[in-house]
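Accompanying notes for the structure given below.
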Amino acid sequence: MVRMAVMGASGRMGQMLIRLIDESDIAVLAAAVEREGHPWLGQDLGLVTGTGPRGLIVTADWADALAGADAVIDFTTPSVSVALAAQAASAGVAHVIGTTGFSAEDLEQIAQAGQAGRIVRAGNMSLGVNLLVTLTRQVAAALGSEYDIEIVEAHHRHKVDAPSGTALMLGAAAAEGRDVRLEDVADRGRDGITGAREEGAIGFHAIRGGDYVGEHDVIFAGDGERIVLRHVASDRALFARGALRAAIWAQTQGPGEYSMLDVLGLARRD
Ligand code: NAD
């Protein structure tokens, strides 16, 4: 059995992960971690989630949680994930990062932790979205810059970062297909007198509202035709299943920072 620690145990993804681990035949919940001051701290996890006492106390002690775990699954905030990456690497615990909204500096620190530790980081853990990443790269490479690329995403009203981590992954794949750097061509959230669209730009637009789980369109708009690649997530268990799969996969890997494309065997080999 692979022993899992769940960071952000009371969060939307944290609670979903706990349910999934409880149903799993190969994973077992070893620790449930929350932030200092959280009302769940010191309580029996089963009592706060309403499933009945289970003898697992929610903790804020990372070292203790990591000591009893083979993998830690982390859907929290960028500052938590960056700090945890270093600590999980020193503890020899695989770290699955689902958190989004990292700065370039954060990503640099995570990459450093990945030199000694095993990290799987993905802005989206679903099989369908990772297939979409591969398709986006291929279509962008096939079509050339006379097709304008626009990425439109929609998420629930609680999401705090934009564009979504998934939209950025799709943008990076499109840029890779065109052999350019996303930083050089990204056009985020137009407003006002923006001037005409620049050739080669990759546009991003974010819809926020209601209970959208996550929707992404990659639009290739040419003269006389449009191609739209679309993924619609309707259940966040999708992401939790991917994260669990990543944590189990990481048990057989050496040090490094991996993506879901690696986990799913979709990574490009060239
Ligand atoms: P949420 O706000 O419901 O949950 C975050 C949890 O982290 C909260 O319970 C919070 O108390 C906890 N937390 C904060 N600081 C902590 C600390 N120091 N120690 C332990 N726990 C701490 O958010 P959510 O909807 O579950 O999303 C979390 C993150 O995951 C976001 O960045 C979101 O964009 C991302 N996400 C990624 C995917 C994916 O497939 N990669 C899917 C869904 C969400």
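With respect to residue 122, is the statement that it is under 16 Å from the mean Cα position of the chain (by Cα) and crowded, with 24+ Cβ neighbours inside 10 Å true? The answer is yes for residue 122.
Here residue 229 does not qualify as surrounded by 12 or more Cβ atoms within 10 Å (Cβ to Cβ), within 30 Å of residue 73 (Cα to Cα), without any contact (Cβ under 8 Å) to a residue 40 or more places away in the chain and assigned by TED's automatic domain parsing to the domain that holds residue 139. Is it the case that residue 33 is touching a Phe, Trp or Tyr at 6+ places or on another chain (Cβ under 6 Å) and either more than 21 Å from residue 252 (Cβ to Cβ) or of a type in the set (Ser, Thr, Tyr) (or both)? Here the answer is no, as residue 33 does not meet what is asked. Listed by position, the strands (runs of 3 or more DSSP E) enclosed by region 1-82 that each have at least 1 residues that are under 18 Å from the mean Cα position of the chain (by Cα), away from the ligand (no atom under 15 Å from the Cβ) and modelled with pLDDT of 95 or more are 71-74. Condition check for residue 116 on (1) free of Cβ contacts under 8 Å to residues at least 40 places away in the same chain; (2) closer than 30 Å to residue 70 by Cα; (3) away from the ligand (no atom under 16 Å from the Cβ): one failure, at (1).
Residues in region 230-248 that are more than 8 Å from the ligand (Cβ to nearest atom), in contact with a helix residue (DSSP H, G or I) (Cβ under 6 Å, 6 or more places away or on another chain) and not in a helix (DSSP H, G or I): 231 only. Residue 95 falls short on exactly one of the conditions (1) touching an Asp or Glu at 6+ places or on another chain (Cβ under 8 Å); (2) closer than 30 Å to residue 181 by Cβ; (3) not in a strand (DSSP E or B), and that condition is (3). Here region 203-226 is the region considered, the condition is being more than 26 Å from residue 24 (Cα to Cα) and within 14 Å of the ligand (Cβ to nearest atom), and the residue that is surrounded by the most Cβ atoms within 10 Å (Cβ to Cβ) is 216.
The values are calculated or read from the model by the stated rules, or taken from the named source; none is laboratory data. Note that the structure is a prediction, hence the values are computed from the model and not measured. Note: ideal-geometry Cβ built from the backbone for every residue, glycine included; neighbour counts use all protein chains shown.
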